[in-house]
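Below: the structure, in structure tokens.
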Amino acid sequence: MSCVILMEVKVIPEKLDDCIKLCVENRLEDTKAYDGCETCYGTVDREKSIVTLWTQWSTVEHWEKYFAWRKERGDFEEFSSFFSEEPKIAISEVFY
């Protein structure tokens, strides 16, 4: 069953534009092309310096494999260098 993953990240305000640039230029297209990804969006709340990544996956297992791949490559470590606190990750099952 499809699932939606929301990753909400509080970003260091001075690094917000660089964080968005990294996502747009280097991360979101890779995510969309990864096996099992059905769609992927990034949003920003500039006032609160929050970036939210919204992805939909064929299964939770596809997302788990993808997330492990990002960690293995060091992508998540690079991305997390922009964070001011730990990300919030919510996993929800799509019902309609």
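What follows is calculated from the coordinates using simple rules that are stated; it is not laboratory data. Given the structure is predicted, the values throughout are model-derived calculations rather than measurements. As a convention, Cβ positions derive from the backbone with ideal geometry for all residues, glycine included, and neighbour counts pool all protein chains shown.
Selection of the range 33-48 for residues being assigned to a strand (DSSP E or B) and out of contact with any helix residue (DSSP H, G or I) (no Cβ under 7 Å at 6 or more places or on another chain) yields E38, T39, Y41, T43, D45. For the range 10-32, check the following and say yes or no: at least one residue is part of a strand (DSSP E or B) and either farther than 14 Å from F82 by Cβ or under 11 Å from the mean Cα position of the chain (by Cα) (or both). No: zero hits. Residue count for the range 24-51 satisfying the condition of being over 19 Å from A68 (Cβ atoms) and either touching a residue at least 40 places away in the same chain (Cβ under 8 Å) or small (G, A, S) (or both): 4. Scanning the range 49-96 for residues that are within 24 Å of S2 (Cα to Cα) and either part of a loop (DSSP other than H, G, I, E, B) or among the basic types (K, R) (or both) gives S58, T59, K65, R70, K71, P87, K88, V94, F95, Y96.
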